[in-house]
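Everything below concerns the one structure shown next.
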Amino acid sequence: MSEQVSLGLRANAHQFALLVGLNALVGGMVGLERSVLPLVGKQDFGLRSSSAILAFVVAFGIAKAVTNLMAGDLAERIGRKRLLVTGWLVAFPVPLLIGLAPSWWFIVAANVLLGINQGLAWSMTVVMKIDLAGPRRRGLALGLNEAAGYLGVAATAFVTGSLAATYAPRTIVWVGAAVIAAAGLLISVFAVRDTGAPVAPEQATHRDQAQRQLQRGAAFAQATVRDPVLRACSQAGLVNNLNDALAWGLAPLYLATHGASVRQVAVVAAAYPVVWGAGQLATGWLSDHVGRKPLIAAGMLVQAGALGLLVAGNGAFSSSLAAAVLLGVGTAMVYPTLIAAVSDASQPRDRARLVGVYRFWRDFGFVIGALIAGIGADVTSAGTAIVIVAAITAASGLVVGATAWPARPALQPAHAP
């Protein structure tokens, strides 16, 4: 058990590749809902209020945010693999609740379980990849992780949207969820190994050895208020998912209201995570070379511009597709870079907890975004709600730009590239 532990992508290629593929399945669970579920609320359950329809995003966001916060602490106590397996077990009732739902609130309940699944399974694939990669290739590692997850989102979003023109949308969602949950559980149980062992050797190469490990409350305060870089990352993550909630819950309704077909909605819904997912292969690597701050600040401003373009195009398919592509570019610049920045600013022994706090705030953005989008659309209009979110996103980028960002610390030579 105490064999030599090597850090690096090459030294851990098999496990790393396995975790990349597994995260594509985690993303696929969310993508199943992305293009069709808001339309199911309107067509199958007769909902007219945007706030009521977007309740499923609120439920998902609260469950995932709270689970992320607990996952970092639990990972240190009971192990990464056990939490990963638990995440897939929690996913099993999701297809039943969606397939048999007699009311919309069963769909909302399914999304509470889906949020827990994502909070455990996605959090653990993130932490496990950081454990294995070592500090020098962290941006690339997280780019690969997030790319796999969001390409999984894109693939299932496009497939479900395309099939919904022929088959009942709810049937497509619950059958797909059952297949993905079974595959994810089997891979997690029989093929994945725990990755806690590399943390101690990496900590041994790190400065500030005398400090004690942060407990949950101290980690929450550190990532939320005390550390300026972590604070900037937490607010940017929250705002990023705030506009993602809008893209998930309100954009399909906005396009449908302006005459888009189900297939056109599917194309727009899939284009955003395709560009987001594939772009992270480059941006994660790039952040290792040019630094985290420039990509984060610029990416938030690009996202704001994309949302402005969506409104300016007044729901037309061509402009909406262009906005989705631009939103994907901005999100790709931000998403893996933020997690890498949080990891840079964390002691290895505290990393799981601090990443968990960051992911709590990031995914709480789903809640705030769904509330702004739903209430804003009901009280004013969908276009006004999108403009409000665009302004918040631009302000977030400016906050990151104004934050003093120290150079990444010099690290001792890694065990492996």
Problem set entry | Calculated [θ] (222 nm, deg cm²/dmol) that DSSP helices of n ≥ 4 give over the chain, each run adding -39,500 (n - 2.57) | -26000 deg cm²/dmol
For this session: Note the angle between two axes, namely the Cα long axis of helix 262-290 and the longest principal axis of the Cα atoms of the chain, as a number of degrees from 0 to 90, rounded to the nearest 10.
Result: 20 degrees
Exercise. Regarding the chain, what are the three Cα extents along the principal axes, ordered largest first, in Å?
Worked result: 60, 46, 35
Problem set entry | Nitroxide proxy distance, nm - points 7 Å out along Cα→Cβ at residue 66 and residue 175 | 3.4 nm
For this session: Compute the relative contact order of the chain as a whole-number percentage, counting only Cα pairs closer than 8 Å that sit 6 or more residues apart in sequence.
Result: 28 percent
Exercise. For the range 275-382, rounded, prolate or oblate, judged on the Cα gyration tensor with a ≥ b ≥ c (square roots of eigenvalues), a/c < 1.5 rounded, else prolate if a/b > b/c?
Worked result: oblate
For this session: Take the solvent-accessible surface of the protein heavy atoms, probe 1.4 Å, and return the percent of it on the range 1-60 that carbon and sulfur atoms account for.
Result: 54 percent
Seminar exercise, completed: note: the range 96-189, Cα-Cα separations exceeding 20 Å make up a percent value of 48 percent
Exercise. For labels at residue 318 and residue 77 in the simple 7 Å Cα→Cβ model, what's the distance in nm?
Worked result: 5.7 nm
For this session: Quickly rank 68-77, 137-146 as a protection proxy: mean count of other C-beta atoms within 10 Å, highest first.
Result: 137-146, 68-77
For this session: Obtain the nm distance between the two label points defined at residue 404 and residue 290 by a simple spin-label model: each point lies 7 Å from its Cα along the Cα-to-C-beta direction.
Result: 2.5 nm
Exercise. If the viscosity is 1.567 mPa s and the temperature 4 °C, what translational diffusion coefficient in µm²/s does Stokes-Einstein give for the range 1-88 when Rh comes from Kirkwood over Cα pairs?
Worked result: 79 µm²/s
For this session: For the chain, give the magnitude of the charge dipole about the Cα centre (Cβ charges: +1 Lys/Arg, -1 Asp/Glu; no others), in debye to the nearest 20.
Result: 480 debye
Exercise. Helix 382-402 sits at what angle to the longest principal axis of the chain, using alpha carbons and giving 0 to 90 degrees rounded to 10?
Worked result: 20 degrees
Seminar exercise, completed: Relative contact order in percent for the range 73-191 (Cα pairs under 8 Å, 6+ apart) equals 36 percent
Seminar exercise, completed: Comparing 17, 297, 121 in a Gaussian network model of the chain (Cα, 10 Å), the one with the largest mean-square fluctuation is 17
For this session: Could you do me a favour and compute the accessible area per residue for the range 1-124, 1.4 Å probe, result in Å²?
Result: 37 Å²
Problem set entry | Helix 169-190 axis, angle to the chain major axis (alpha carbon atoms, nearest 10°) | 10 degrees
Exercise. Relative to the present Cα-Cα distance, how much length would full extension add between residue 105 and residue 395 at 0.36 nm per residue of separation?
Worked result: 100.9 nm
Seminar exercise, completed: Place a point 7 Å from the Cα of residue 44 in the direction of its beta carbon; the residues of the range 166-187 whose amide N falls under 11 Å from it are 168-175
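The values are calculated or read from the model by the stated rules, or taken from the named source; none is laboratory data. Keep in mind the model is a prediction, meaning the values are calculated, not measured. Heads up, the Cβs are rebuilt from the backbone with ideal geometry, glycines too, and the neighbour counts pull from every protein chain shown. Ligands, DNA and RNA are excluded from the accessible area calculation, which covers all protein heavy atoms including side chains. Shrake-Rupley method; radii C 1.70, N 1.55, O 1.52, S 1.80 Å.
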